[in-house]
Amino acid sequence: MTAEATGSRAVTVTWVAPRVDGVVRYKVERAMAADPATWVSRGEVAGTSYTDGGRAGADLLDSTEYLYRV
């Protein structure tokens with residue numbers, strides 16, 4: 001998995017998906033590195049990338065480290 005800042009308050013997460021029969025969507029979750037026990041659902045996607053933030057009202061904070069999991 002990789003995560004890259006792709007704009008002002010935007011992160012694109014990409015991953016390689018294993019071949020598993022019946023898996024058609026992936027759930028993406030995010031936590032602040034300062035609070036790694038609290039994961040928040042960011043959405044579900046059918047592909048192997050997800051862009052978090054990058055739009056008005058985005059809740060990503062400047063100078064903050066985040067963790068992602070799929």
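The values are calculated or read from the model by the stated rules, or taken from the named source; none is laboratory data. All of these numbers come straight from a predicted model, not from anything done at the bench. We place every Cβ from the backbone using ideal geometry, glycine too, and count neighbours over all the protein chains shown. Side chains included, ligands, DNA and RNA excluded: accessible areas come from the protein's heavy atoms. Shrake-Rupley method; radii C 1.70, N 1.55, O 1.52, S 1.80 Å.
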Quiz item: Could we say that ALA37 is in a loop (DSSP other than H, G, I, E, B), surrounded by 13 or more Cβ atoms within 10 Å (Cβ to Cβ) and touching a strand residue (DSSP E or B) at 6+ places or on another chain (Cβ under 9 Å) here?
Solution: no
Self-check item: First in region 1-25 and basic (Lys, Arg), second anywhere and open to solvent by 100 Å² or more (accessible area, probe 1.4 Å), Cβ under 6 Å, 6 or more apart
Solution: ARG25/GLU44
Self-check item: Residue that is among the aliphatic types (A, V, I, L, M), in contact (Cβ under 8 Å) with a residue 12 or more places away in the chain and out of contact with any Lys or Arg (no Cβ under 9 Å at 6 or more places or on another chain), where the choices are ALA46, ALA34, ALA56
Solution: ALA34
Practice problem: Give the number of residues within region 6-28 that are within 16 Å of LEU61 (Cα to Cα) and either of a type in the set (Val, Ile, Thr) or open to solvent by less than 80 Å² (accessible area, probe 1.4 Å) (or both). | Solution: 5
Practice problem: Mind counting the residues in region 8-34 that are small (Gly, Ala, Ser) and assigned to a strand (DSSP E or B)? | Solution: 2
Exercise. Mind listing just one residue for me: the one in region 40-57 that is of a type in the set (A, V, I, L, M, F, W, C) and farther than 17 Å from ALA3 by Cα and, of those, surrounded by the most Cβ atoms within 10 Å (Cβ to Cβ)?
Key: ALA46
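Is it true that THR64 is hydroxyl-bearing (Ser, Thr, Tyr), in a loop (DSSP other than H, G, I, E, B) and open to solvent by less than 70 Å² (accessible area, probe 1.4 Å)?
Against the criterion (hydroxyl-bearing (Ser, Thr, Tyr), in a loop (DSSP other than H, G, I, E, B) and open to solvent by less than 70 Å² (accessible area, probe 1.4 Å)), THR64 qualifies.
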